[in-house]
Amino acid sequence: MELAEIFKQVNEIFKDIFEEDDIVIEAETSAKDIDGWDSLTHMQMITAVEKHFKIKFELNEILNFKNAGDMCRLIQTKLG
Amino acid sequence: MLFNSFEFLLFFPAVVVLFYLTPHRWRWLMVSLSSAFFMAFARLDFVLVILSIIMVNYLSAILMERSAGCYGKKWALAASLILDIGLLSYFKYFNFLADNFNSLFDLLGLNLDIPHLSVVLPLGISFYTFQAIGYNIEVYRGSMKAERNLPLFLTYLLFFPKLIAGPIERAQNFLPQLHSRISLNFHNINSGIKLMIWGFFKKLVVADRIDIYVNAVYGNIEQHSSITLFTASVLFAFQIYADFSGYTDIARGVARVMGFRLMENFERPFLALSVSEFWRRWHISLSSWADDYIFKPIVAQKRYWGNWGVLYGVIITFFVIGIWHGPSWNFVLFGLFQAVVIFYELLTKKSRKRFRKKLTSPLIKGLHNHSTRILTFLFITFSMVFFKAPTFDDAMMILSRVATFETGTLFLGSLSTFVFAWSGIVFLVLAEIRREYGWFDFGFLSNKYMLVRLLKYSLLVLIILMIGVFDGGQFIYFQF
């Protein structure tokens, strides 16, 4: 899948989790940029992403996510 | 050696001069040796404890990096964690565990009678073991390289400004600083000394003055009225803040004079609007450590449990934060109270956000903010009663007496103590509000003219010398 398409789909998940329709995520978007991004919403978002793309992240991978870009690139790798 | 001691007054300038005179490649050996001397001043055998922690963690990190397989890496990490936690538990928690097991077996009708150990808690052990653990986890995760230069690694854990009570400095922040060449810089010396003066003000003028009042009240709980116990509890919250953040400012100032940047440990915690926010502003080096190495891994692993996974993570994290402070159920309770409130805040975050959005009037919004701020402060004050009271029964007695609102006069103690303590608090709070909001040009310590700044700092030193408490003893966090 194209990275841009992954970003688009992840963006929809973000809108849903954070209940904000105007969220636009970029590669550098991190917890600092989105109001309400805390440990609870973070894990809700990770599990929603796993379910949506039918993938599973390793513990180390989740802990190493620095921003949305890291996650989207990893999704792309996992989807092959 | 205490920062507020005569010995330190001689030790510190001597080390700074030696530091800048020593060539770069010998510097870390020099800093390690003087830090070992700093610690040996308390007790020589404390140095042996920290050296054993250093050697094990130094070697295990290198081993982890060398082992190709996942298995070897895990074993090296496990071995270092067992030693770090084992040594910390041996010194800090053995007698506590023995007492609890003895009581438990007593209840079951068995006489176990595990004897007590007579060991002294090595200074700073809770701080440097946590730094060592953090370092090893980072190397295990592959986010940093193992440090091969032993004098440099020795300096990371021994560095005397943060040796006794932190900050719990991250290896990824500190080790790169050791690799760079530090040259004599007027700005570092200037800003470092200013930070130290501000720290001494908080400690000697504010914290130790409050200490006199709080101890007079907490030392004699039965004799005091509801209002007095409440006042003493509020004052204790300010005391511990002034004491610990004062210590941290001195530690950071001392380090800065030598060209190092230690992390911020406090960001105006009493202005927090929630308990979760309070913990992002209070003892940041510990709370962020617990967040990175306990909370996040647990929550990530238990993410399919939903809210239960988060609750589990919050409870374990704050249990560790609580008991990290000392082997007592009061500290455990202190931690668990935080966990319960933070979990509630996480669950209700969205609804509270929606509620705030509905508040359109700036006045109502402001009132809402101030009331949540005061509520947060009162909760922290309440939980700190368990921090200060020596036993659970004492804490309960204080709380029940406060809750009865029984009439009685406010105990003032010595009037000068009461007035100086409150004046110090007002000064401290104004300085914090200014830094947080930049509301008014309080600018006590800043001015464009150097002479004016110098005069102001001289005045602060004069205030410290005149109304500082010089027999107040050690910093509260040294006991942890």
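Looking across B:Leu346, B:Leu359, one residue alone is within 14 Å of chain A (Cβ to nearest Cβ), aliphatic (A, V, I, L, M) and surrounded by fewer than 20 Cβ atoms within 10 Å (Cβ to Cβ). It is B:Leu346. Annotation: B:Ser180 fulfils all but one of (1) of a type in the set (Ser, Thr, Tyr); (2) farther than 30 Å from B:Met450 by Cβ; (3) surrounded by fewer than 19 Cβ atoms within 10 Å (Cβ to Cβ); the unmet one is (2). In segment A:21-39, of all residues being more than 10 Å from every other protein chain (Cβ to nearest Cβ) and of a type in the set (D, E, K, R), the one that is surrounded by the fewest Cβ atoms within 10 Å (Cβ to Cβ) corresponds to A:Asp22.
Please verify whether segment B:46-54 includes one or more residues that are within 26 Å of the chain's Cα centre (by Cα) and either farther than 25 Å from B:Ile85 by Cβ or loosely packed, with under 14 Cβ neighbours inside 10 Å (or both). So far as segment B:46-54 goes, yes, one or more of its residues are within 26 Å of the chain's Cα centre (by Cα) and either farther than 25 Å from B:Ile85 by Cβ or loosely packed, with under 14 Cβ neighbours inside 10 Å (or both). Screening A:Phe18 with (1) within 20 Å of B:Asp292 (Cα to Cα); (2) within 14 Å of chain B (Cβ to nearest Cβ); (3) touching a Ser or Thr at 6+ places or on another chain (Cβ under 9 Å) gives one miss only, at (1). Are any residues in segment B:365-421 out of contact with any helix residue (DSSP H, G or I) (no Cβ under 7 Å at 6 or more places or on another chain) and aliphatic (A, V, I, L, M), and if so, which ones? Scanning segment B:365-421 gives B:Leu367, B:Ile374, B:Leu375, B:Leu378, B:Met396, B:Ala403, B:Leu415, B:Val419. Select from segment A:15-39 the residues that are closer than 18 Å to B:Ala300 by Cα and either in a helix (DSSP H, G or I) or in contact (Cβ under 8 Å) with a residue 24 or more places away in the chain (or both) and list them in ascending order. The answer is A:Ile17, A:Ser30, A:Ser39. The residue that is nearest to the other protein chains (Cβ to nearest Cβ), counting only those in segment A:45-69 that are more than 17 Å from A:Phe18 (Cβ to Cβ) and crowded, with 19+ Cβ neighbours inside 10 Å, is A:Ile62. Entry remark, segment B:298-311: residues being assigned to a helix (DSSP H, G or I) and either among the hydroxyl-bearing types (Ser, Thr, Tyr) or surrounded by fewer than 18 Cβ atoms within 10 Å (Cβ to Cβ) (or both) number 5 in total. Inside segment B:28-44, residues that are in contact (Cβ under 8 Å) with a residue 60 or more places away in the chain and either of a type outside the set (A, V, I, L, M, F, W, C) or assigned to a helix (DSSP H, G or I) (or both) make up a count of 10.
On inspection, A:His42 passes the criterion of being within 10 Å of chain B (Cβ to nearest Cβ) and either surrounded by 13 or more Cβ atoms within 10 Å (Cβ to Cβ) or assigned to a loop (DSSP other than H, G, I, E, B) (or both). Listed here are the helices (runs of 4 or more DSSP H) enclosed by segment B:141-241 that have at least 1 residues being within 14 Å of another protein chain (Cβ to nearest Cβ): B:171-179. Do the conditions hold for B:Pro327, that is, is it more than 14 Å from chain A (Cβ to nearest Cβ) and either over 26 Å from B:Ile240 (Cβ atoms) or at pLDDT below 95 (or both)? Here the answer is yes, as B:Pro327 does meet what is asked. Once segment B:277-291 is narrowed to residues that are in a helix (DSSP H, G or I) and under 17 Å from B:Phe319 (Cβ atoms), the residue that is nearest to the other protein chains (Cβ to nearest Cβ) is B:Asp291. Where helices (runs of 4 or more DSSP H) fall entirely within segment B:367-480, those with at least 2 residues that are under 25 Å from B:Asn190 (Cα atoms), at pLDDT below 90 and not assigned by TED's automatic domain parsing to the domain that holds B:His325 are at B:415-437, B:450-467. When each of B:Ile210, B:Ile189, B:Ile227, B:Ile193 is tested for being buried (at least 18 other Cβ atoms within 10 Å of the Cβ) and of a type in the set (Val, Ile, Thr), the lone residue that passes is B:Ile210.
The values are calculated or read from the model by the stated rules, or taken from the named source; none is laboratory data. In this text the structure is predicted, and so the values were computed from the model without any measurement. Please note: Cβ atoms are built from the backbone with ideal geometry, for glycine as well, and neighbour counts cover all protein chains shown.
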